[in-house]
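Chemist: This is the structure, below, for whatever I ask next.
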Amino acid sequence: MISEKDLGNISSLVSLADAYITCRPEMPCIVSTMFNCENQAIPTMEESSIEPTTETPVTAAATTPESENTSFFSNISEQNQNNYSALQNIARKIAICDRCRLCGGRTNTVPGIGVPEPLVLVIGEGPGADEDAKGEPFVGKAGQLLDKMLAAINLSRHTNCFIANIVKCRPPNNRDPMPDEADACRSFLDAQIGILKPKLILAVGRIAAQNLLNTTTGINKLRGQFFEYRGIPLLPTYHPSALLRNEDLKRPAWEDLKKFRTRLEEITGLSFSAPQQTQSSANTQYRNEN
């Protein structure tokens, strides 16, 4: 059990971070590890093509006076509380980071978003214009497609995933992050991985895969194969933006996701298949839209 003193310390940390969190009695606390963020809306049925569940939709909850903050933690595991606090500590450090040139052009830092005890960690390359404006990863068209890809194998940033990037600030004109910029952010990402302890990592895109695997091999050769990063199985696949540019990549990306789902089921003993009557339409939609 957490003592009143510990809960008070956690509450003070939340107030200091000025963070937003959402909680449900049956789910872990949703963590948006950033400052002054907005809650990401859950995809509609039309967007995800996954049947609705009986779970209550997530709604945003702003911070409250310290005396009320403990209510946020009443239905959260001790590990969730510890992870949440540690993630917020990293987010505060990222917010004031000036290790590389990217800090000079950012509107917001983008530490990451998701649940504090995820099964899956999704890693992209870096924020784009939409992400820089909002302070959340994958919120533009590529982010919408990513959500559909994850939903096709019953994954979501709202329930069982955490999403982060190689770099936490937007590169100018969406160029590739420079090696020294990626190196400057690596300790933040590695610290997040150490806290989150995901069962699997999905590396989306060439930049993420090459940086994590320390290779110059192209994504066409890397995708669909399992590697390891810090002892965690990692599967590279195409970035959603690549799928939007070239629809021919959607079919091989779906094959990658099926491999990813199979390995996740083997590790967890859980099923991540969509309901039989909706699985085909879900797969077809994300592969053929846009």
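The values are calculated or read from the model by the stated rules, or taken from the named source; none is laboratory data. Computed from a predicted structure; not experimentally measured. All accessible areas refer to the heavy atoms of the entire protein, side chains included, with ligands and DNA or RNA removed. Shrake-Rupley method; radii C 1.70, N 1.55, O 1.52, S 1.80 Å.
Chemist: Which of the lysines could a cross-linker bridge to Lys93, judged by Cα under 24 Å and excluding same-chain residues fewer than eight apart?
Modeler: Excluding near neighbours in sequence, the set is Lys134, Lys168, Lys197.
Chemist: Could you report the range 144-254's accessible area per residue, 1.4 Å probe, as an integer in Å²?
Modeler: 38 Å²
Chemist: Also, quick follow-up: If you stretched the chain out fully between Lys199 and Ser273, how much longer would it get, using 0.36 nm times the residue separation minus the C-alpha to C-alpha distance? Mind dumping the intermediate values first?
Modeler: Values: separation 74, 0.36 × 74 = 26.64 nm, distance 1.72 nm.
Net length gain for the segment: 24.9 nm.
Chemist: Could you please state how large a percent of the accessible area of the range 105-247 is carbon and sulfur, counting protein chains only and using a 1.4 Å probe?
Modeler: 45 percent
Chemist: If you stretched the chain out fully between Ile96 and Arg230, how much longer would it get, using 0.36 nm times the residue separation minus the C-alpha to C-alpha distance?
Modeler: 45.6 nm
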